[in-house]
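Report on one structure; see the data block that follows.
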Amino acid sequence: MKLAWEGDVLSVQPRIRLTRSFDERSHTYLGYALRLRGSIGGETRELSVGIGKAAQAKHAFRVGDRISGETEPVTDPRLEPVESYKAAKLKLLERATATAAAGPPWPGVPPALEVYRERGHRRLDVRTYDAKCTTCIWGCRMPVEMIIDQWNPSVREHRFETFCYGPKSCPLYRAGPTRKVPGRKGMSWEEEDWVDEDATEHRGPDE
């Protein structure tokens, strides 16, 4: 069932799902996650909406815009960073005044998903994300699906992790503790700092 909503944009971030299988990982680029303050189904509150790559390219949503549309509740909340998706009838009701944000955080129009893929990410402490990075285009809260047993891929666990795609010199950045990935027969793999360093080694400190 489609739900009509309207609200002011609080953040626009990439909507990416991470799949882990012990020491291997892959990403699924779903689109963009909008966080808004407005109304949905007759209720006034904060809400989150998932939109596709083409919709963001067309409307170039950014913080401060007032928009409306229709979406439906996600079928599996473990696999999405938003509460509703499959957006339709999107409308830009009022465009925010463009400002040159020196950042951080950076609240402008986010780049194409290909840019995020090329930049690579570093783990981001969840408390830092919640306190400093929810309005930044470089922040990302990913649903994580973990394949526990490669020989029995139906055995899976789920959680959420936060990441940063922003400049490595950002003064707000905190990595937080390393992350452990469970495996079969009680084994686990720790994703150490070198993984982030390898993923972002092609970027300079201010890139």
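The values are calculated or read from the model by the stated rules, or taken from the named source; none is laboratory data. Model, not experiment: these values are computed from the prediction. Here Cβ is always computed from backbone atoms with ideal geometry, including for glycine, and neighbour counts include all displayed protein chains. The accessibility values were calculated without ligands, DNA or RNA, using every heavy atom of the protein model including side chains. Shrake-Rupley method; radii C 1.70, N 1.55, O 1.52, S 1.80 Å.
Considering only residues of segment 143-161 that are within 15 Å of Glu24 (Cα to Cα), surrounded by 15 or more Cβ atoms within 10 Å (Cβ to Cβ) and in contact with a Lys or Arg (Cβ under 8 Å, 6 or more places away or on another chain), which is modelled with the lowest pLDDT?
Result: Asp149.
Residues of segment 114-140 being in a helix (DSSP H, G or I) and more than 25 Å from Glu46 (Cα to Cα), which ones?
First, the residues of segment 114-140 that are in a helix (DSSP H, G or I): 114-119, 126-133.
Result: Glu114, Val115, Tyr116, Arg117, Glu118, Arg119.
Right, Glu114: farther than 24 Å from His59 by Cβ, surrounded by fewer than 19 Cβ atoms within 10 Å (Cβ to Cβ) and not β-branched (Val, Ile, Thr) or not? Spell out the reasoning first.
Numbers: farther than 24 Å from His59 by Cβ: no; surrounded by fewer than 19 Cβ atoms within 10 Å (Cβ to Cβ): yes; not β-branched (Val, Ile, Thr): yes.
Here the answer is no, as Glu114 does not meet what is asked.
Can you tell me which of Pro153, Pro143, Pro205, Pro167 is closer than 23 Å to Pro77 by Cβ and assigned to a loop (DSSP other than H, G, I, E, B)?
Numbers: Pro143 fails: assigned to a loop (DSSP other than H, G, I, E, B); Pro205 fails: closer than 23 Å to Pro77 by Cβ; Pro167 fails: closer than 23 Å to Pro77 by Cβ.
Answer to the selection: Pro153.
Select from segment 48-75 the residues that are open to solvent by less than 30 Å² (accessible area, probe 1.4 Å) and more than 16 Å from Lys91 (Cβ to Cβ) and write down the one among them that is farthest from the chain's Cα centre (by Cα).
Applying the filter and picking the extreme gives Val74.
Return the residues of segment 76-89 that are open to solvent by 30 Å² or more (accessible area, probe 1.4 Å) and assigned to a strand (DSSP E or B); say none if nothing qualifies. So that I can check it myself, show each step before the final result.
To start, the set of residues in segment 76-89 that are open to solvent by 30 Å² or more (accessible area, probe 1.4 Å) comprises 76-79, 83, 86-89.
The answer is Lys86, Ala87, Ala88, Lys89.
Can you tell me which residue within segment 176-207, out of those that are within 20 Å of Ser26 (Cα to Cα) and of a type in the set (Gly, Ala, Ser), is surrounded by the fewest Cβ atoms within 10 Å (Cβ to Cβ)?
Ser188
Filter segment 20-47 down to the residues that are of a type in the set (Lys, Arg) and over 24 Å from Val109 (Cβ atoms), then identify the one that is least open to solvent (accessible area, probe 1.4 Å).
Residues of segment 20-47 of a type in the set (Lys, Arg): 20, 25, 35, 37, 45.
In the following step, the residues that additionally are over 24 Å from Val109 (Cβ atoms) were identified as 20, 25, 45.
On the way: Arg20: 2, Arg25: 71, Arg45: 62 Å².
Here the answer is Arg20.
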